[in-house]
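Report on the following structure.
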Amino acid sequence: MSKRDYYEVLGVNKSASDDEIKKAFRKLAIKYHPDKNAGDKAAEEKFKEINEAYSVLSDKTKRARYDQFGHAGVGDAGGGDPFGGGNPFAGGSYNFNGQSFNFDFGGGGLDDILGAMFGFGNGFRGARRGRDYRTSITITFDEAIFGTTKTVSVNGQEIKLKIPAGIYDGQAIRLSGKGGEAPDSNGQRGDLYVEVRVKAHKHLTREGDLILSELTIPMVDAVLGTEADVETVDGVVTMKIPAGTQPGTNFKLSGHGAPRLGSEERGPHIVTINVEIPKNLSKKQKELMEEFKSAKKRGLFR
């Protein structure tokens, strides 16, 4: 289902000021807030849509990318929620290469909270169930993008963990039945929760299904145009930079971003251009700049 235009969602035009956007958001947020519309699914979805639009249009950088590229410029709802803006504690179930597991953010409910406090897992209601185990694993930025297989050791078990492409930093994978043994033969084993930590990349950052980077080019290349090599997770990509490129211009490399969980599609890689202004000019360079300045004043470059 295609998303609505964010300006349309908030009922403002594209030239709206920050204050106008904020006022429009507040008005709609009050109208559709879940506290005022208990049980109204349509209002709940509307409230999520309003929040998503505001999270983008209230951020100058995201708004600029959205104005240039549309929804493709802001990734997954502009915020990187792997479950499409839903309850971040609800998790989700996936099947990856024959391995069934759940994603969970550590909000399993009252039993999990009590278990963490008193040292038992999901046994508060009387169910004869084993303890839940928790551990963590660290992977590289590229492994998070493309997926990987790791081995985790918990209480003497050799357990292979398949990490799907597109997993987020801080997300946890729940492996059912891989926790502690049940206290009796009629019970079930507990679950194993593996928190995935993603190392930062030297040059790249991630925002939802976007990958972001910056590229600094000399002033002359910005004026005359050039080709530049850009580091991506897929390797070096040559990007054409047209003449007259301004500082802060964004370029989109389609298909070089991060995948969404459960999908083979990948977002774009967005490159923001920085222009290097020379500090120390030679006498000849100064003369050329003065000549350019004079010619511009005479209107020769219009």
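Listed values, structure above:
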| quantity | calculated |
| --- | --- |
| Residues that are over 27 Å from residue 165 (Cβ atoms) and assigned to a strand (DSSP E or B), drawn from segment 222-247 | 226, 227, 228, 240, 241 |
| Sole exception among (1) hydrophobic (A, V, I, L, M, F, W, C); (2) touching a residue at least 24 places away in the same chain (Cβ under 8 Å); (3) surrounded by 14 or more Cβ atoms within 10 Å (Cβ to Cβ) for residue 219, by number | (3) |
| Residue among 166, 170 that is of a type outside the set (Lys, Arg) and in contact with a Pro (Cβ under 7 Å, 6 or more places away or on another chain) | 166 |
| Among the candidates 181, 276, 265, residue that is farther than 23 Å from residue 138 by Cβ, among the acidic types (Asp, Glu) and touching a strand residue (DSSP E or B) at 6+ places or on another chain (Cβ under 6 Å) | 276 |
| Pairs with Cβ under 6 Å, 6+ apart, first in segment 1-29 and assigned to a loop (DSSP other than H, G, I, E, B), second not hydroxyl-bearing (Ser, Thr, Tyr) | 3/71; 11/24; 12/20; 12/21; 12/24 |
| Of the criteria (1) farther than 30 Å from residue 134 by Cβ; (2) under 15 Å from the mean Cα position of the chain (by Cα), which one residue 207 fails | (1) |
| Top-ranked residue in segment 180-210 [being outside any loop (DSSP other than H, G, I, E, B), surrounded by 14 or more Cβ atoms within 10 Å (Cβ to Cβ) and charged (D, E, K, R); ranked as modelled with the lowest pLDDT] | 207 |
| Test for residue 48: is it in a loop (DSSP other than H, G, I, E, B), of a type in the set (D, E, K, R) and either touching a residue at least 12 places away in the same chain (Cβ under 8 Å) or over 30 Å from residue 214 (Cβ atoms) (or both) | no |
| Test result for residue 107, modelled with pLDDT under 50, out of contact with any Cys (no Cβ under 8 Å at 6 or more places or on another chain) and either more than 30 Å from residue 235 (Cβ to Cβ) or open to solvent by less than 70 Å² (accessible area, probe 1.4 Å) (or both) | yes |
| Unmet criterion (only one of (1) open to solvent by 50 Å² or more (accessible area, probe 1.4 Å); (2) modelled with pLDDT of 50 or more; (3) of a type in the set (Gly, Ala, Ser)) for residue 79 | (2) |
| Residues of segment 211-220 that turn out to be under 23 Å from residue 286 (Cα atoms) and either modelled with pLDDT of 95 or more or not in a helix (DSSP H, G or I) (or both), as a count | 3 |
| Test: residue in segment 248-267 that is β-branched (Val, Ile, Thr) and assigned to a strand (DSSP E or B) | no |
| Residue in segment 252-272 that is under 15 Å from residue 217 (Cβ atoms), at pLDDT 95 or above and not small (Gly, Ala, Ser) present | yes |
| Long-range neighbours under 9 Å by Cβ, at least six apart or interchain, first residue of a type in the set (Gly, Ala, Ser) within segment 190-207, second open to solvent by 70 Å² or more (accessible area, probe 1.4 Å) and part of a loop (DSSP other than H, G, I, E, B) | 190/131; 190/178; 190/181; 200/169 |
| Among (1) in contact with a helix residue (DSSP H, G or I) (Cβ under 7 Å, 6 or more places away or on another chain); (2) closer than 28 Å to residue 171 by Cβ; (3) open to solvent by less than 40 Å² (accessible area, probe 1.4 Å) - the single one residue 252 does not satisfy | (3) |
| Given (1) within 27 Å of the chain's Cα centre (by Cα); (2) open to solvent by less than 80 Å² (accessible area, probe 1.4 Å); (3) free of Cβ contacts under 8 Å to residues at least 60 places away in the same chain, index of the condition residue 231 fails | (2) |
| Check on residue 53, assigned to a helix (DSSP H, G or I), open to solvent by less than 50 Å² (accessible area, probe 1.4 Å) and among the hydrophobic types (A, V, I, L, M, F, W, C) | yes |
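The values are calculated or read from the model by the stated rules, or taken from the named source; none is laboratory data. The shown structure was predicted, so the numbers you read here are calculated from the model rather than taken from an experiment. We place every Cβ from the backbone using ideal geometry, glycine too, and count neighbours over all the protein chains shown. The accessibility values were calculated without ligands, DNA or RNA, using every heavy atom of the protein model including side chains. Shrake-Rupley method; radii C 1.70, N 1.55, O 1.52, S 1.80 Å.
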